[in-house]
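In what follows, a structure is listed as structure tokens, so that the remarks can point back to it.
Just so it is clear, none of the values below were taken in a lab; they were calculated from the coordinates. What you see is a predicted model; the values in this text were computed from it and never measured. All Cβ positions, glycine included, derive from the backbone under ideal geometry; neighbour counts span all protein chains shown.
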Amino acid sequence: MAAQKETHQFKTEVQQLMSLIINSLYSNKEIFLRELISNASDAIDKLRFKSLTESEILGKDTEFKIKLIPDAKGNIFTISDNGIGMTHDEVIENIGTIAKSGTFTFLKAIEQSKNQNTLAPELIGQFGVGFYSAFLVADKVTLITRAVGSDTATKWESDGQGGYSIEETEKDSRGTTIILKLKKKEKDEPDFTEEWTIRQTVKQHSDFVNYPVVMDVEKDEPLSKEEQILDKDGKPIEPSTKKVIKEETLNSMKAVWAKDKDEVTEEEHNEFYQHISHDWKPPLAHIHMKFEGTTEYTALLYIPSQAPFNMFEQERKHGVNLYCKRVFIMDDCKELLPEYLSFTKGVVDAPDLNLNISREILQHNSLVRNIRKNLVKKILELLGSLEQEKYEQFYQEFGPILKVGIQTDLPNKDKIAELLRYKTTKSNGKFISLKEYVANMKPEQKEIYYITGENLTILSNSPYLENLKDKDLEVLLMSDPVDEWVISELREYEKKPLKSAEKGDLGLEKTDDKKKDEYTALFEHIKKHLETMIREVKPSTHLKGSMACLAGEDYDMSAYMEKILKSTGQDAPAIKRVLELNIQHPALEKINALFEKDNNDSRINDYADILLDIAIIGQGGKIDNPGRFSKIMGELMTDALDV
Ligand code: ADP
């Protein structure tokens with residue numbers, strides 16, 4: 001036991017560390033509070049654990065708390081706990097040196113990092129450097145601690161420059177008090193003697209710490225009758241309130257995720273969800289799981305009931321916060337979930353991370369990868385298990401982002417495919433799954449038909465579908481831009497290829513070769529006339545009632561895709577399409593007859609122009625020369641209407 005004051009030099013690595021902390025974290029000074037609260041909470045945890053077997057050690061001091069005492073006049077900030085405390089030797093061991101073996105690696109990592117300012121503040125908790133973060137805000141740190149079961153206390157003091165002093169002192173209760181003589185603050189820097197700043201910082205970083213973090217605050221309280229001064233008429237003279245000091249708990253302490261999952265009520269879920277998401281609508285569903293294996297972690301995840309307005313913005317934050325033993329490490333933890341599930345909000349608490357993580361390290365951390373894999377699995381399972389109505393609500397909101405996973409998460413492609421829903425030509429406005437589609441397929445049907453386009457009305461009335469509808473074949477109506485990417489990656493479902501209803505030959509029936517031959521000359525002529533616009537003229541496999549449509553080859557970009565690219569300002573290669581003409585149509589027969597009579601008849605070219613316009617209009621496109629179209633139409637009607 002040291003009765004006298006001793007002075008010690010810091011070990012070199014402590015000095016190195018301290019200057020690094022101060023240099024790389026100067027813009028995140030407030031984290032010192034998180035670190036000290038976290039240490040205090042750990043100290044209480046340890047004591048609580050010890051008291052499980054030695055209940056007498058607590059004495060009368062059984063109300064665990066962490067007290068913050070700001071002193072604006074003296075520019076001092078004090079934090080005090082009634083945890084396990086430290087003996088003289090423990091102080092030297094814990095505070096004077098860096099005992100942790102990882103520290104060296106940590107120092108190297110920081111040194112090697114080109115720009116120290118980009119180092120995430122999360123690093124600070126790593127390798128046990130938390131206490132030193134006090135020097136981010138303090139010129140001088142005084143720690144007074146009394147270990148449980150000890151009569152004497154130890155005072156440790158340092159200006160963070162070269163060394164520290166240590167001496168025996170007195171303290172009237174168990175635990176640790178740390179007094180920070182704050183630096184003179186620069187303009188725009190937070191003032192940690194200010195109530196609001198302290199409240200904010202605790203809320204943000206330590207809200208779910210398991211013990212009350214308290215502070216004395218001044219409150220207005222109504223005066224009692226006796227205290228009230230009355231005027232001559234017996235009326236109270238203002239003010240009718242007095243200032244009183246009240247101890248207030250600043251953190252909610254509700255580590256909802258740490259509770260047994262059956263013990264968390266719906267209200268608690270809603271409240272917690274609100275707290276982390278700032279979304280006032282209750283979540284649609286949640287997952288609460290404790291994973292206990294070689295690695296331990298808890299996850300509490302929520303599926304929101306509505307999409308954020310900025311769902312597709314790059315800068316949007318991901319909704320998962322990472323905690324370590326109820327201590328907040330970081331929000332926006334992109335490493336824990338892939339982009340296509342980033343609508344999920346919640347918390348992952350991984351004790352094994354040991355506050356031991358930065359964003360850089362996260363990406364390469366096998367525990368994090370493990371957690372991520374598992375979370376994806378659980379979320380996809382949850383979505384798959386939602387009752388239909390809820391799932392559809394989810395799908396309306398988040399379907400477009402979920403679908404991205406088909407392209408970006410190949411190992412889970414099949415699982416995501418199960419979650420796809422489409423309206424079809426036969427579903428009467430209802431969503432169906434691919435599984436349902438396949439179950440409804442005709443015995444001879446080999447392919448899953450789909451069509452992509454801007455909206456359901458255009459799609460369901462599309463001339464491309466005439467023949468398919470006539471044969472009672474179901475077609476998936478895909479009206480979401482993302483569907484184009486879904487199709488390009490999915491290609492088949494349950495071994496049934498996906499087949500565009502607007503591209504290539506539908507191959508629904510044998511074409512009548514003889515009849516086709518009758519049209520060869522006319523089609524050649526039309527092709528020549530429209531050469532700059534189209535690639536080919538062919539008898540249609542799509543049409544039943546309509547005369548003309550434009551079709552792509554199987555490998556072509558769809559018309560909708562072309563439109564999407566153009567609308568986003570990207571260069572879409574101009575694709576010449578195939579003009580498909582319906583040789584069963586009486587009008588076509590008449591044009592052919594006209595052509596056979598006189599292949600120089602000028603009307604043939606007019607009709608060719610009109611056929612192309614009709615094809616374009618039929619797919620919801622814009623024609624080049626609407627004026628000419630309406631003029632020719634007028635003439636045709638005049639001719640047709642012989643009354
Ligand atoms: P870490 O908390 O990561 O171990 P710190 O530098 O913050 O690293 O603290 C070093 C050690 O000092 C802790 O592990 C703990 O044993 C001790 N310590 C720090 N703060 C307290 C406290 N408030 N009460 C008791 N012990 C503490």
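Only loop residues by DSSP count here, and only those with at most 14 other Cβ atoms within 10 Å; note down the GluC sites (Glu not before Pro) in the range 509-552 that meet that.
Passing sites in the range 509-552 are GLU509, GLU531.
What is the Cα radius of gyration of the chain over 2.2 N^0.38 Å, N being its residue count?
Taking the Cα Rg and dividing by 2.2 N^0.38 Å, one obtains 1.43.
Name the residues of the range 239-271 whose amide N is less than 18 Å from a point 7 angstrom out from the Cα of SER224 along the C-beta direction?
Flagged as within label range: 240-246.
Please sort by residue number the trypsin sites (Lys or Arg not before Pro) in the range 496-569 whose DSSP state is loop and whose Cβ has at most 14 other Cβ atoms within 10 Å.
LYS510
Once both labels are modelled 7 Å past Cα along the beta-carbon direction, what's the ASP172-LYS515 spacing in nm?
Once both label points are built, they end up 10.5 nm from each other.
Let me make sure I get this right: for the range 449-490, a, b and c are the square roots of the gyration tensor eigenvalues over alpha carbons, sorted descending. Under 1.5 in a/c it's rounded, otherwise prolate if a/b > b/c, else oblate. Which is it?
oblate
Could you tell me how far the Cα centroid of the range 218-245 sits from the Cα centroid of the range 361-427, in Å?
That distance is 62 Å.
Quick one: putting +1 on the C-beta of Lys and Arg, -1 on the C-beta of Asp and Glu, what dipole do you get for the chain around its Cα centre, in Debye to the nearest 20?
600 debye
Order of 247-258, 217-228 by packing, highest average Cβ count within 10 Å first?
247-258, 217-228
Using a Förster distance of 56 Å, how high is the FRET efficiency between GLU392 and MET533, based on the Cβ-Cβ distance and rounded to 0.05?
According to the calculation, E is roughly 0.85.
Would you mind calculating the relative contact order of the chain from Cα pairs under 8 angstrom and at least 6 residues apart, reporting the percent as a whole number?
8 percent
If R₀ is 45 angstrom, what is the calculated FRET efficiency for the pair THR295 and ILE22, using the beta carbon separation as r and rounding to 0.05?
Once the sixth-power term is evaluated, E becomes 0.85.
Could you grab the relative contact order for the range 563-641? Cα pairs under 8 Å, six or more apart, rounded to a whole percent.
It comes to 16 percent, rounded to a whole number.
Efficiency by 1/(1 + (r/R0)^6): what FRET value for LYS242 and GLU271, r their Cβ-Cβ distance, R0 = 35 Å, to the nearest 0.05?
The calculated FRET efficiency here is 0.55.
Using each residue's phi in the range 468-478, evaluate 6.51 cos²θ - 1.76 cosθ + 1.60 at θ = phi - 60° and report the 3J(HN,Hα) Karplus result to the nearest Hz, with x for Gly and Pro.
Once rounded to whole Hz, the list reads 5, 5, 4, 8, 6, 9, 7, 10, 6, 9, 10.
Name all residues of the range 381-413 having a backbone nitrogen under 14 Å from the label point set 7 Å from the Cα of ALA439 along its Cα→Cβ direction, giving them as ranges.
Once the point is set 7 Å along Cα→Cβ of ALA439, 388 turn out to lie under 14 Å by backbone N, inside the range 381-413.
Can you compute the helix-only [θ] at 222 nm over the chain? Use -39500 (n - 2.57) per DSSP H run of at least 4 residues, normalise by all residues, nearest 500 deg cm²/dmol.
Value at 222 nm, helices only: -10500 deg cm²/dmol.
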